[in-house]
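Please read the structure below before turning to the comments.
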Amino acid sequence: MTIFTNALKTAALLGLMMGLCLGIGWAFGSTQGMLIGFVLGSAMSLVSYFFSDKFALMSVHAQPVSREQAPELYDLTERLAQRAGIPMPRLYFSPEQAPNAFATGRNPNNGVVCVTAGIMNMLNEQELEGVLAHEISHIKHRDILISTIAAIMAGAISQIAWIMMWTGGGGRNRDGGGENPLGMIGALLMIILAPLAAMLIQLAISRSREYAADARGAQLAGTPNGLISALRKLDLANRRIPMNVNPAERHMFIVMPLTHGGGLSDLFRTHPNTENRITKLLETYNALQPIGVPAADRRHSQQSV
């Protein structure tokens, strides 16, 4: 899947989310209720949007890190940011032993990359470069903004359904002529199914952005090898050392914290299956050209794994 295809997929999924909003309004026949729900859901999501970086950093007890404290981390990040053509992100360090990393920030000018103690202890330089390139790609392409739009819509849909559940909308004929059994059934189904559909669409958007960030990150690093090795290590380690974070923040991490099980549980994963990510990355990377990486460095990097 190309990056262009990922962008189209994201746009289509966002369109489906908006379609759910309009569908709820039609089912209940209440424009006022739809507007109230949208305003409430948007307000809560916007608060999360503007303060999500602070909430996420606080949840993992992260602190700013300087070049003197972590010269290798700082140099790698600075080099990758220069290749990507974005300002140097602020770096944060979390004492969490679960190896993980995430990026946040509404745009490249206020980007943040946070790494845990576990990831710094586990990965070698090439693997760490692959992880940082993935996160910088998220920042460059404003993936946090896209995820937040999806969260706003999902929150609005849930709020609309909640309001209609308590106000009893949708059970009357549109001409005011008494109860409409079919309308009541449709309203009940909408209350139950719309928030679930919104959540699944939101998860699909998150997975789509992960695929794109994997490919762009490998392109930025000049090789997929470091990221592939890192993903395998991180996936196994996070099954052994889960990190208890707010479910609303799981999509931010490079691998999903508290990853368990399979089968039906995969429907509710914020991230694609790791081996599927690697397969897709290898398929996509072959069609890409590395960004700003000297040929000698690419040869050395590809021979080192």
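The values are calculated or read from the model by the stated rules, or taken from the named source; none is laboratory data. Being a predicted model, the structure only gives us computed values, none of them experimental. Note that we place each Cβ from the backbone using ideal geometry, even for glycine, and neighbour counts take in every protein chain shown.
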Meets criteria (part of a loop (DSSP other than H, G, I, E, B), within 18 Å of A133 (Cβ to Cβ) and either within 19 Å of the chain's Cα centre (by Cα) or at pLDDT below 95 (or both)) for V245: no
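In region 62-80, how many residues are part of a loop (DSSP other than H, G, I, E, B) and either in contact with a strand residue (DSSP E or B) (Cβ under 6 Å, 6 or more places away or on another chain) or surrounded by 12 or more Cβ atoms within 10 Å (Cβ to Cβ) (or both)?
5
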Hey, does region 134-142 have a residue that's of a type in the set (A, V, I, L, M, F, W, C), under 26 Å from P224 (Cα atoms), in a loop (DSSP other than H, G, I, E, B) and at pLDDT 95 or above? no
So D214 clears everything in (1) more than 13 Å from the chain's Cα centre (by Cα); (2) crowded, with 19+ Cβ neighbours inside 10 Å; (3) modelled with pLDDT of 90 or more except one condition, right? Which one? (1)
Single residue of A161, A103, A154 found to be part of a helix (DSSP H, G or I), under 18 Å from M256 (Cβ atoms) and either at pLDDT below 90 or touching a strand residue (DSSP E or B) at 6+ places or on another chain (Cβ under 9 Å) (or both): A154
Can you tell me how many residues in region 109-118 are assigned to a helix (DSSP H, G or I) and touching a Lys or Arg at 6+ places or on another chain (Cβ under 9 Å)? 1
Of those in region 84-100 that are buried (at least 20 other Cβ atoms within 10 Å of the Cβ) and within 15 Å of R239 (Cα to Cα), the residue farthest from the chain's Cα centre (by Cα) is E96
For region 49-61, give me the residue count where each residue is closer than 19 Å to P108 by Cα and either surrounded by 17 or more Cβ atoms within 10 Å (Cβ to Cβ) or at pLDDT 90 or above (or both). 5
